[in-house]
1. Around Leu77, with a cut-off of 10 angstrom between Cβ atoms, what is the net charge of the other residues, counting Lys and Arg +1 and Asp and Glu -1?
2. What's the angle, to the nearest 10 degrees (0 to 90), between helix 16-26's Cα axis and the longest principal axis of the chain?
3. In the stretch 67-88, which residues have a backbone nitrogen under 13 Å from the label point lying 7 Å from Tyr56's Cα in the Cα-to-Cβ direction?
4. From Cα pairs below 8 angstrom and at least 6 apart in sequence, can you work out the relative contact order of the chain, rounded to a whole percent?
5. For every other residue with a beta carbon closer than 11 angstrom to the beta carbon of Val20, add +1 if it is Lys or Arg and -1 if Asp or Glu, then tell me the sum.
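Derivation of every value follows stated rules applied to the coordinates shown; laboratory data play no part. Since this is a predicted model, take the numbers as computed values, not measurements. Every residue, glycine among them, receives a Cβ derived from its backbone with ideal geometry; neighbour counts consider all protein chains shown.
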Amino acid sequence: MFIQSELNEYLIKKYLDIIVLRMLMIYPKHGYAILAEIHKNFGVLLSPGLLYPLLYEFEVKGWVETIVDNRKKVYRLTVKGVKKTEQLKSFYMKSFKQLTKFMG
């Protein structure tokens, strides 16, 4: 059985795609800032080894682009990434609504 902190970590990892994309929709960030914001907002410390492959995948798919700022890679959403973020947000909102309805 999950305890609260384990469940929270599980859910953050499960929905990391939309969490990171929504963070980048607000403003561009470098990887460490993303990790710090996740920790601040959700109380979960993620490994860079979990985040950076996801950011690379987003870059390959054309959802994010990188700029180098003071030797740090800063990630920002592309137009394609904004569209994908909205699609995922809509999908997750509908899914959570169905789950909430099912759970009563």
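1. Details: positive: Arg22, Arg76, Lys80, Lys83, Lys84; negative: Glu65.
Residues close to Leu77 contribute a combined charge of +4.
2. 60
3. none
4. Working: 84 pairs, mean separation 27.4, N = 104.
Relative contact order here is 26 percent.
5. Details: positive: Arg22, Lys29; negative: Asp17, Glu37, Glu57.
So the surrounding residues net to -1.
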